[in-house]
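**Q** Got a structure here, written out as structure tokens. Questions coming.
The values are calculated or read from the model by the stated rules, or taken from the named source; none is laboratory data. Remember, predicted model here, so these are calculated numbers, not experimental data. Cβ coordinates were reconstructed from backbone atoms using ideal geometry, including for glycine residues, and neighbour counts include every protein chain displayed.
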Amino acid sequence: MPDNLFRPRVNEDIRRRSYYGKFIFNSHFLIFLTIAGGVFIYSLLGILQTLEPSVWLDLIASAVVALFLLPGYRSLLKPADGIFLLPYETHMGTYLKNAGRYSLMLGISKAVTAAVIALLLLTVGHGAIGIMLFLLLALIHYTVNFHVRKRVINTGISISLMTVILFVMDVLSLILVLQHPVWLILSLVFLLAADRYVKGREHPAFDWNAYIEHEEVQLNRYYRNVSMFTNVNHIDKQFKRRKYLDPLLWKPAGMSFGKEKMYEFLFYRTFARDHDLPMIILRLIILFGIVMVWMGNLYVSIVTGLFGIYVIVLQMSQIYSAQAYLLWPKVWPVDRSFIQKSYVTFSHKAVFAVTLVFGIIFAIVHPGFAYIAFVFPLWGYLTNRVFSRAVYKKEQELSD
Amino acid sequence: MVLKIEHLTGGYSKTPVIHDVSLDIKKGEIVGLIGLNGAGKSTTIKHILGLLRPHSGEIRVAGTTISEDAENYRKRLAYIPETPVLYEELTLKEHILMTAMAYGIEEEDALERAGELLGIFRLDSKINMFPTHFSKGMKQKVMLVCAFLARPDLYIIDEPFLGLDPLGIDSLIDLMVRERDAGRSILMSTHILATAEKYCDRFAIIDSGRMVADGTLEELRISLDMAAASLDEVYLKITGGTSADAR
């Protein structure tokens, strides 16, 4: 029975990835990726011509690769499996092997991309044998790390702690092997020791709860990453109290205290207390800000800024979707149009604040062209208007 | 008449779950909508709330249908669902403020009304906490506080005693009786017949999506010639002792 279970589960996961992939890699994003990727490679090749061999360069190459040598384990198990598959525990071998292969495949593209970037960096000061050894060791680490991380789930060891240990070990091993091939032996000894250590602490029986919980965490993490680019309905929303923000949260008073302002009151709290959203937006601002500063090119800065605002506006619309489909707006004696009006008021204010940050970054990077920064608030306003309408339209269609 | 349902047929899709249901609730009445799991109680409630569209028939709350004036229709109702539905990002106080804004109650009035209710349900020390972190029973109490502060013409309570501790049940019964005495009506869906027998003025018995009986316990006993029978016995007699599987 468990053998027949894997195929539909993996197909379901592939369908999910292709479904969201279509939204993430839409034409706008592909244009941005092409421009950003082209400029990145162009500027990297330019930098490489001026670089001298150095241990710092080796460290950067090792760290870039090490970041992607930690593939996560996706068991594809579901909560009900903890009850219905218990009698089949001893027959789960093939299922788990297949899940392992699938998990390894999922992380390979990012690891290969990182290896290519590292390869470019390592052309400064390293010969073919050194680079080959580096890549071989990276491949060994990728595989062993995966098995260690998979086993850790079935132990009492902290997964986060083990991930940090493995990352440090990866960076050290890779940088050492670049200094002298003999360090390869020590690196392999390290890996073997880590593997034995974790194996020795494995529970004798399969910890269903731990694996199911881990799968839920992984899936939620995937949804959170996807939610940076598009709306995700399945995301398990979590909120943080953040009591220190209470004095800053707007509350209608006097004549404003009524149905016209109640959803705006709600949206401020949804945004400020969302577990991830404020941090995601902050990360996006930092990420796009770094690209704008690093590239230093006028046109790239404009495109990056506009794209950053576009992604953030997409992010904001999930707040509206989260509220529009709940029970209470359907039961309360308040016209649904107030949700839309309140969202527009709230989101225009929030998006304006974000575009102001982009405008300031742009003005600092290109002081001579600071006047161009006015396009950011304008773009923010227009994209927010378009997206708000698209969300209402979708809501209308669903409610009909 | 606070609620008037006439020949309601409806359900979740084109296949009806409830058939030709009629029910009246007068001012200051507690009516028990009783039936087994799947009999059609929740479907009837969802139709009253306007969450489902009737296939045929009409529902009037205080003389208005939802299509005539949705806001006025909804303003006269407060709903307490079987499973608490709360905003994860709002504190208990903010739930109270949202309810107040929705029902057009002044902030000071709302907090005054809520203060009393929070005391009754022993929630006053938790006003700045997220109710989503509360136990199931406490979450249900939050739902009760929000509904009772609205003071509408009709309360619709789905399985009111589920998850409440004995003190909570006692407080809720006191509140229900107080609201009835103030001229407000309550439609209470339940399959806990022993409790319904004690506190409801009238019973509407639904079975397999059809309203099979409606009246006081005394009227039901007389119609069945079962003097001194309990509501359980009346119910079994009316439904033939068979369970429904309407949904």
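**Q** Quickly run through segment A:186-216 and pick out the residues that are closer than 13 Å to A:Pro79 by Cβ and surrounded by fewer than 16 Cβ atoms within 10 Å (Cβ to Cβ).
**A** A:Asn209, A:Glu213, A:Glu216
**Q** Also, I was wondering about something else. In this structure, is A:Ile290 out of contact with any Ser or Thr (no Cβ under 8 Å at 6 or more places or on another chain), at pLDDT below 90 and surrounded by 14 or more Cβ atoms within 10 Å (Cβ to Cβ)?
**A** no
**Q** In addition: Using the structure shown, decide if B:Arg113 is more than 14 Å from chain A (Cβ to nearest Cβ) and at positive phi.
**A** For B:Arg113, the condition - more than 14 Å from chain A (Cβ to nearest Cβ) and at positive phi - is not met.
**Q** Right, something else. Which numbered condition trips up A:Phe267, out of (1) surrounded by fewer than 22 Cβ atoms within 10 Å (Cβ to Cβ); (2) more than 9 Å from chain B (Cβ to nearest Cβ); (3) of a type outside the set (D, E, K, R)?
**A** Evaluating A:Phe267 over (1) surrounded by fewer than 22 Cβ atoms within 10 Å (Cβ to Cβ); (2) more than 9 Å from chain B (Cβ to nearest Cβ); (3) of a type outside the set (D, E, K, R) leaves (1) as the failure.
**Q** Mind checking which residues of segment B:90-109 are hydrophobic (A, V, I, L, M, F, W, C), part of a helix (DSSP H, G or I) and facing chain A (nearest Cβ under 9 Å)?
**A** B:Leu97, B:Met98, B:Ala100, B:Met101, B:Ala102
**Q** Being assigned by TED's automatic domain parsing to the domain that holds A:Arg149, among the polar types (S, T, N, Q) and surrounded by fewer than 16 Cβ atoms within 10 Å (Cβ to Cβ), is that true of even one residue in segment A:56-79?
**A** no
**Q** Return the residues of segment A:90-107 that are in contact with a helix residue (DSSP H, G or I) (Cβ under 8 Å, 6 or more places away or on another chain) and either assigned to a helix (DSSP H, G or I) or surrounded by fewer than 14 Cβ atoms within 10 Å (Cβ to Cβ) (or both); say none if nothing qualifies.
**A** The answer is A:His91, A:Thr94, A:Tyr95, A:Asn98, A:Ala99, A:Gly100, A:Tyr102, A:Ser103, A:Leu104, A:Gly107.
**Q** Also: Would you mind telling me which numbered condition in (1) in contact (Cβ under 8 Å) with a residue 60 or more places away in the chain; (2) more than 7 Å from chain A (Cβ to nearest Cβ); (3) of a type in the set (Phe, Trp, Tyr) B:Tyr79 fails?
**A** The number of the failed condition is (2).
**Q** Turning to a different aspect of this structure: State which residue is nearest to B:Arg184 (Cα to Cα) when the search covers only segment B:1-13 and only residues that are in contact (Cβ under 8 Å) with a residue 24 or more places away in the chain and in a loop (DSSP other than H, G, I, E, B).
**A** For segment B:1-13, the residue satisfying everything is B:Val2.
**Q** Which of the residues that make up segment B:31-76 are acidic (Asp, Glu) and within 12 Å of chain A (Cβ to nearest Cβ)?
**A** Once the filter is applied, which keeps residues that are acidic (Asp, Glu) and within 12 Å of chain A (Cβ to nearest Cβ), segment B:31-76 yields B:Asp69, B:Glu71.
**Q** Moving to a separate point now. For segment A:223-244, which residues satisfy the criterion of being assigned to a helix (DSSP H, G or I) and either among the β-branched types (Val, Ile, Thr) or surrounded by 15 or more Cβ atoms within 10 Å (Cβ to Cβ) (or both)?
**A** A:Tyr223, A:Arg224, A:Val226
**Q** When you go through (1) in a helix (DSSP H, G or I); (2) at pLDDT 90 or above one by one for A:Asn220, which number turns out not to apply?
**A** (2)
**Q** I would also like to ask the following. Could you look through segment A:270-286, keep only residues that are more than 17 Å from B:Phe130 (Cα to Cα) and in contact (Cβ under 8 Å) with a residue 24 or more places away in the chain, and pick out the one that is nearest to the other protein chains (Cβ to nearest Cβ)?
**A** Ranking the candidates gives A:Leu277 first.
**Q** Now for a separate question. Quickly run through segment A:49-82 and pick out the residues that are outside any helix (DSSP H, G or I), touching a residue at least 40 places away in the same chain (Cβ under 8 Å) and either within 27 Å of A:Ile212 (Cβ to Cβ) or aromatic (Phe, Trp, Tyr) (or both).
**A** Once the filter is applied, which keeps residues that are outside any helix (DSSP H, G or I), touching a residue at least 40 places away in the same chain (Cβ under 8 Å) and either within 27 Å of A:Ile212 (Cβ to Cβ) or aromatic (Phe, Trp, Tyr) (or both), segment A:49-82 yields A:Phe68, A:Leu69, A:Leu70, A:Pro71, A:Gly72, A:Tyr73, A:Arg74, A:Ser75, A:Leu76, A:Leu77, A:Lys78, A:Pro79.
**Q** Go through segment B:14-28 and count every residue that is assigned to a loop (DSSP other than H, G, I, E, B) and either among the hydrophobic types (A, V, I, L, M, F, W, C) or farther than 27 Å from B:Glu179 by Cβ (or both).
**A** Residues meeting the conditions: 4.
**Q** Scan segment A:267-278 and tell me whether some residue there is modelled with pLDDT under 90 and in a helix (DSSP H, G or I).
**A** Checked against the condition, which is being modelled with pLDDT under 90 and in a helix (DSSP H, G or I), segment A:267-278 yields at least one hit.
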